[in-house]
Amino acid sequence: MYTQALNSPEEGSLAEDAVRASRFQARVDAEERIEPNDWMPAAYRKTLVRQISQHAHSEIVGMLPEGNWITRAPSLRRKAALLAKVQDECGHGLYLYAAAETLGASREELVDAMLAGKAKYSSIFNYPTLTWADIGVIGWLVDGAAIMNQIPLCRCSYGPYARAMIRVCKEESFHQRQGYEIMLTLCRGTAEQKAMAQDALNRWWWPVLMMFGPPDQASQHSDASTKWKIKRFSNDELRQKFIDATVPQAQYLGLTMPDPEMTQDAQGHWRHGPIDWNEFKQVLAGNGPCNRDRLSARRKAHADGAWVREAAAAYAEKRARRQMAQAAE
Amino acid sequence: MTAPSITVSETPLVLYTLRRADDALILGHRLSEWCGHAPMLEEDMALSNMALDLIGQARELYGYAAKVEGRGHDEDKLAYLRDVRQYRNLLLVERPNGDFAHTMVRQLFYAAFADLYWRGMMGSTDATLAAIAAKSEKECAYHLRHASEWVIRLGDGTDESHRRAQAAVDDLWAYTGEMFSVDGSERGLIDAGIATDPTMLLPEWLSIVSHVAREATLVLPENDWMQQGGRDGRHSEHLGHLLSELQYMQRSFPGATW
């Protein structure tokens with residue numbers, strides 16, 4: 001727990017804080033990385049803990065919809081690839097919890113907040129994976145949207161988060177190719193397979209667009225995050241980049257975008273029709289199709305595993321005691 | 001429409017290879033069921049990793065069985081289009097995961113055997129099997145270390161973990177004997193230097209498992225009645241359910257490419 005001790009907020013006068021804050025902002029403006037032992041404003045620390053832990057929770061809850069198909073994957077090759085991918089997501093979660101711990105939070109308290117329903121995770125994982133094509137769409141679009149969000153985070157002002165993102169993005173881009181390849185195989189397959197692919201796109205498209213968060217006028221966190229160089233692009237900018245990258249890919253697959261109002265403007269941007277922000281609000285409020293299932297699956301794993309974690313702790317303590325006793329002899 | 005099962009022409013070498021492939025696939029499938037539901041994230045990673053090792057072993061073995069059979073089957077046809085009576089895995093590996101203690105004790109029993117077995121197979125006169133053995137042995141040595149450490153932790157942990165670990169040992173013990181049995185079909189391969197004789201591995205396996213049990217303060221059962229049947233396709237009721245999940249896509253969409 002040394003990170004906590006090192007990061008305990010130092011006592012200081014308000015005047016001193018103002019000096020530190022301006023020095024901090026100058027470093028951020030100069031594109032320097034802020035490291036765990038550096039002074040940082042309490043609000044910066046709080047924002048990062050919130051964002052990094054939400055990101056970690058998303059990776060962990062995100063294991064569930066894809067995990068739903070590991071035992072039913074249609075070939076041994078697909079089964080191995082999917083299992084490896086879900087394992088990667090778990091690794092990202094661990095990595096991110098570790099990044100949050102450099103800010104003085106503990107993994108246990110962060111996980112407890114998620115299990116209590118007090119911390120958020122990405123809204124997208126509250127939708128069900130109904131067919132195999134959903135695994136293709138998740139890789140192609142959900143991971144594609146995640147990459148779009150995370151590439152700028154590789155330059156985030158907070159060093160441990162930025163470095164974590166570099167590694168995560170590399171793996172995510174592999175996941176995206178895996179997803180697109182599943183889609184390509186389906187679209188080149190039987191009519192039934194192609195219909196499965198189109199149905200999956202229809203169901204996931206709008207929820208994927210919501211992954212970028214509310215429209216810019218309605219976003220609560222952007223201003224401070226932008227000043228601190230945690231966030232480099234607005235929600236709407238990233239959403240537009242994603243759509244522009246995705247539409248030609250869908251065309252190549254021979255799939256129809258499930259948005260009758262989608263048109264290309266004079267600058268070449270694909271403009272989308274209205275997003276149902278009420279649906280987004282409802283999913284965040286706990287009313288998505290799978291919110292209850294996801295939380296109860298995580299709670300069950302945590303509760304069922306309690307005796308195992310207790311046993312590991314008890315054994316470690318016994319062993320340490322025995323070693324002490326032996327050393328004393 | 002559903003895809004019908006294939007018929008495999010089970011020469012001794014095909015049958016032999018399928019048995020090992022089925023062991024690896026079924027245990028890999030069972031371990032993969034934990035993904036997202038393990039007691040801690042580190043174990044989600046470890047169990048998935050071991051599942052991946054085993055599925056990888058299965059793929060190589062199925063590929064070789066298909067090649068030896070020479071009837072145009074492949075790894076997926078062998079995995080997805082044989083029914084429960086055609087599966088040749090050990091009864092031990094199809095046991096449901098149960099609690100974490102059951103999963104770890106099952107893993108200990110199997111990995112302690114598989115590590116010794118693949119080490120023996122590295123000297124096989126069949127070059128393909130020897131190469132698969134060399135890779136599998138490394139993986140199973142790690143699986144054994146991981147399972148041993150957990151069984152010791154659980155056995156010597158809390159009262160509850162001890163009780164659960166002992167119950168797992170008691171429940172699974174009767175499925176260990178099948179690992180060491182040899183039938184006529186395999187005897188010929190052993191005599192030809194292609195297969196390792198598992199009966200020779202029993203003393204060392206017992207010594208490894210007894211050592212772990214002692215460290216874990218667990219008692220190995222005295223009951224020496226051993227269940228048999230998996231190698232001949234006489235399985236528990238659990239395998240059919242596992243296969244119906246595993247094979248759902250290939251059975252539901254005959255002939256499709258994924």
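Rule-based calculations on the coordinates, nothing more; no lab input. No experiment lies behind these values; they were computed from the predicted model shown. Ideal geometry is used to build each Cβ from the backbone, glycine not excepted, and the neighbour counts take in all protein chains shown.
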### Task
For A:K170, list the lysines whose Cα falls under 20 Å from its own Cα; do not include residues on the same chain fewer than 8 positions away.
A:K85, A:K231, A:K241
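May I ask you to derive the FRET efficiency for A:R232 and A:K281 from their Cβ-Cβ distance with R0 = 25 Å, giving the value to the nearest 0.05? Don't skip to the end; give the middle numbers.
Numbers: r = 26 Å, r/R0 = 1.03.
After rounding to 0.05, the efficiency reads 0.45.
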#### Entry: Gaussian network model of chain B, springs between alpha carbon atoms under 10 Å - residue of B:R164, B:R145, B:R71 with greatest fluctuation
B:R71
### Task
Would you be so kind as to identify which of B:G36, B:I26, B:L15 lies farthest towards the positive end of the dipole of region B:1-47, taking Lys and Arg as +1 and Asp and Glu as -1 on Cβ and the Cα centre as origin?
B:L15
### Query
Can you give the charge dipole size of chain A about its Cα centre, rounded to the nearest 20 debye, using +1 on the beta carbon of Lys and Arg and -1 on the beta carbon of Asp and Glu?
760 debye
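So between A:D199 and A:Q251, what do we pick up on full extension, going 0.36 nm a residue minus the alpha carbon distance?
Values: separation 52, 0.36 × 52 = 18.72 nm, distance 1.52 nm.
Computed gain between A:D199 and A:Q251 is 17.2 nm.
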### Task
Would you order B:Y87, B:Y248, A:Y252 from fewest to most other beta-carbon atoms within 10 Å of each residue's own beta-carbon?
A:Y252, B:Y248, B:Y87
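Taking the Cβ-Cβ separation of A:D223 and B:D183 as r and a Förster radius of 60 Å, what is the calculated FRET efficiency to the nearest 0.05? Could the numbers behind the result be given before it?
Numbers: r = 74 Å, r/R0 = 1.23.
Efficiency at R0 = 60 Å is approximately 0.20.
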### Query
So what are region B:151-258's ellipsoid semi-axes, whole angstrom, largest first, if each one is the square root of 5 times an eigenvalue of the alpha-carbon gyration tensor?
32, 25, 13
### Query
Where the centroid of each part is defined by its Cα atoms, how far is region B:36-82 from region A:44-91 in Å?
21 Å
### Query
Got a sec? How would B:V219, B:V182, A:V49, B:V93 order by Cβ neighbour count within 10 Å, fewest to most?
B:V219, B:V182, A:V49, B:V93
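Note down the magnitude of the dipole of the protein assembly as shown about its Cα centre, charges +1 on Lys and Arg C-beta and -1 on Asp and Glu C-beta and zero elsewhere, to the nearest 20 debye. It would help to have the intermediate numbers written out before the result.
Numbers: 65 positive and 77 negative charges, 169 e Å.
Dipole about the Cα centre, nearest 20: 820 debye.
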#### Entry: region B:94-115 and region B:216-258: distance between their alpha carbon centers, rounded to Å
13 Å
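Run lengths n ≥ 4 of DSSP H only: what is the helix-derived mean residue ellipticity at 222 nm for chain A, with -39500 (n - 2.57) per run over all residues, to the nearest 500? Before the final figure, lay out the partial values.
On the way: 15 runs with 212 residues, N = 329.
Helices in chain A give a 222 nm mean residue ellipticity of -21000 deg cm²/dmol.
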### Query
Once Lys and Arg get +1 and Asp and Glu get -1 on their Cβ, which of A:A250, A:S296, A:N235 lies farthest toward the positive end of the dipole of region A:234-310?
A:S296
### Task
Could you check which residue among B:M50, B:M226, B:M122 shows the biggest mean-square fluctuation in a GNM of chain B with a 10 Å Cα cutoff?
B:M226
### Task
Using +1 at the Cβ of each Lys and Arg and -1 at the Cβ of each Asp and Glu in the protein assembly as shown, identify which of B:G233, A:F174, B:A168 lies farthest towards the dipole's positive end.
A:F174
#### Entry: Packing-based exposure ordering (other Cβ within 10 Å, fewest first) of B:E237, A:E171
B:E237, A:E171
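Helix-derived [θ] at 222 nm for chain B: sum -39500 (n - 2.57) over DSSP H runs of at least 4, divide by residue count, nearest 500?
Values: 11 runs with 161 residues, N = 258.
Rounded to the nearest 500, it is -20500 deg cm²/dmol.
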### Query
What average number of partner chain Cβ atoms lie no more than 10 Å from the Cβ of the residues making up A:130-136?
1
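Quick check: residue separation of B:M200 and B:Y142 times 0.36 nm, minus the Cα distance between them. What number comes out in nm?
Details: separation 58, 0.36 × 58 = 20.88 nm, distance 2.22 nm.
Computed gain between B:M200 and B:Y142 is 18.7 nm.
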### Message
Which residues among region A:257-299 fall inside the zone where the amide N is under 16 Å from a point 7 Å beyond the Cα of A:A116, along Cα→Cβ?
### Response
A:299
### Task
Report the charge-dipole magnitude of region A:1-132 in Debye, nearest 20, computed about the Cα centre from +1 at each Lys and Arg Cβ and -1 at each Asp and Glu Cβ.
820 debye
